[in-house]
Amino acid sequence: MAPILKREPHPMLWFAKDPPNLISLVGLGSAIIGIYYAILGVFPAAMIGFIWAVVFDWLDGRVARKMSGRTKEQREYGAQLDSLIDVISFGVAPMVLLLSVGGFQLPFMLGGFVVLAAAVIRLAYFNTFGMVDGSTYRGLALDNNVIILVALFAFQPVLDPSVFLIVLFGLLMVLASLNVAPIKTPKLGGNWYFVILVYAIAMTALYTWQLLNLAL
């Protein structure tokens, strides 16, 4: 019997240029910008990067669903790429944020580990078992963490630094617990994208104003 020849896959960059995947990569760039400024302690700029990472994470799925003619390989590659970027945008980013606010002190490394560990545990579970149904997640989706953090940091200028650090640490521990909790949460799709877009624009305006005040 003649051997079965496996078709050679397309080159890696062929998949990367797929429009939904390009959007995912733009979101990765936004997250990296946020991480960079979080390390520097310029938190208003970090928040702008982080919230737009959420916007692009939501947008890539919308574009993918509207496109016709995408192959099974393109869909599978896109799902893998999206999941890996989620580790950075919604796992590494909050961890770095906590470490930076905590002055990169050793005690906050444990909290950072919890945040990142919860993210990868959740994503591995989701990649294995998927959603409960077409509109329900098991556990709190990771992008919600960043949406909530961006709102919290709006109050940083008016809170005592030690109080803010305690609130941030406690909130991240609660969110990490909810990420892996056996609870059902709704998937916010459809017109919710426009809600998050308006939220991102509003927060960008707020944090741009804060950056301008810092520059004065």
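Just a few scattered comments:
- For Val63: the one exception among (1) over 24 Å from Ala141 (Cα atoms); (2) modelled with pLDDT under 95; (3) in a helix (DSSP H, G or I): (1)
- In the stretch 178-216, the residue that is surrounded by the most Cβ atoms within 10 Å (Cβ to Cβ) out of those that are of a type in the set (S, T, N, Q) and more than 21 Å from Phe153 (Cβ to Cβ) is Thr185.
- Options Val114, Val54; residue that is over 25 Å from Trp192 (Cβ atoms), among the aliphatic types (A, V, I, L, M) and touching a helix residue (DSSP H, G or I) at 6+ places or on another chain (Cβ under 8 Å): Val114
- Of all residues in the stretch 148-164, those satisfying the criterion of being surrounded by fewer than 18 Cβ atoms within 10 Å (Cβ to Cβ) and either in contact with a Cys (Cβ under 9 Å, 6 or more places away or on another chain) or part of a helix (DSSP H, G or I) (or both) are Ile148, Ala151, Leu152, Ala154, Phe155, Gln156, Pro157, Val158, Pro161, Ser162, Val163, Phe164.
- When residues of the stretch 78-110 are limited to those that are more than 30 Å from Val63 (Cβ to Cβ) and assigned to a helix (DSSP H, G or I), the one farthest from the chain's Cα centre (by Cα): Pro107
- Residue that is surrounded by the fewest Cβ atoms within 10 Å (Cβ to Cβ) [pool: residues in the stretch 17-35 that are over 12 Å from Ile88 (Cα atoms) and in contact (Cβ under 8 Å) with a residue 12 or more places away in the chain]: Pro19
- Count of the stretch 134-147 residues which are buried (at least 18 other Cβ atoms within 10 Å of the Cβ) and hydroxyl-bearing (Ser, Thr, Tyr): 1
- Among the candidates Gly170, Gly190, Gly139, residue that is at positive phi and out of contact with any strand residue (DSSP E or B) (no Cβ under 9 Å at 6 or more places or on another chain): Gly190
- When Asn144, Asn179 are screened for being among the polar types (S, T, N, Q) and within 22 Å of Arg62 (Cβ to Cβ), only Asn144 passes.
- In the stretch 179-216, the residues that are closer than 23 Å to Ala46 by Cβ and out of contact with any helix residue (DSSP H, G or I) (no Cβ under 8 Å at 6 or more places or on another chain): Val195, Val198, Ile201, Ala202, Ala205, Trp209, Leu212, Asn213, Ala215, Leu216
- If the condition is being at pLDDT 95 or above and in a helix (DSSP H, G or I), then the stretch 170-193 contributes Gly170, Leu171, Leu172, Met173, Val174, Leu175, Ala176, Ser177, Leu178, Asn179.
The values are calculated or read from the model by the stated rules, or taken from the named source; none is laboratory data. None of these values were measured; they are calculated from a predicted model. Glycine also receives a Cβ, built like all others from the backbone with ideal geometry; neighbour counts cover every protein chain displayed.
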